[in-house]
Amino acid sequence: MKITLRYFASVREQLAQNQEQVDTSATTLDDLRQELIARGDPYAQALGLGKAIRMAMNQKVCDGDVPLLPDAEVAFFPPVTGG
């Protein structure tokens, strides 16, 4: 299925792009993240499992076990802190 990926903050900086469209066979957000990590660097560095990364689908923050929807917009970003 085709989806749009958006990257924010340090993830965007490490990948040197703010968005891309991909074809994926992933069924959940965690599967998608693993698929991207498997591309190797810089994806493995930016999205590695040891990294604190948040995910959102269609502008709603989601856990990794959420099913991936066709034509979804998926965002990856570091946790946000406020003050």
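Table for the structure above
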| item | result |
| --- | --- |
| Residue tally, condition aliphatic (A, V, I, L, M), open to solvent by 70 Å² or more (accessible area, probe 1.4 Å) and more than 16 Å from V11 (Cβ to Cβ), over the range 26-62 | 1 |
| Residue in the range 1-18 that is least open to solvent (accessible area, probe 1.4 Å), counting only those that are free of Cβ contacts under 8 Å to residues at least 60 places away in the same chain and part of a helix (DSSP H, G or I) | L15 |
| Of all residues in the range 72-82 being in a loop (DSSP other than H, G, I, E, B) and touching a Ser or Thr at 6+ places or on another chain (Cβ under 8 Å), the one that is most open to solvent (accessible area, probe 1.4 Å) | P78 |
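The values are calculated or read from the model by the stated rules, or taken from the named source; none is laboratory data. Everything numeric in this text was worked out from a predicted model, so none of it was measured. All Cβ positions, glycine included, derive from the backbone under ideal geometry; neighbour counts span all protein chains shown. Surface areas here come from the heavy atoms of the whole protein model, side chains and all, with no ligands, DNA or RNA. Shrake-Rupley method; radii C 1.70, N 1.55, O 1.52, S 1.80 Å.
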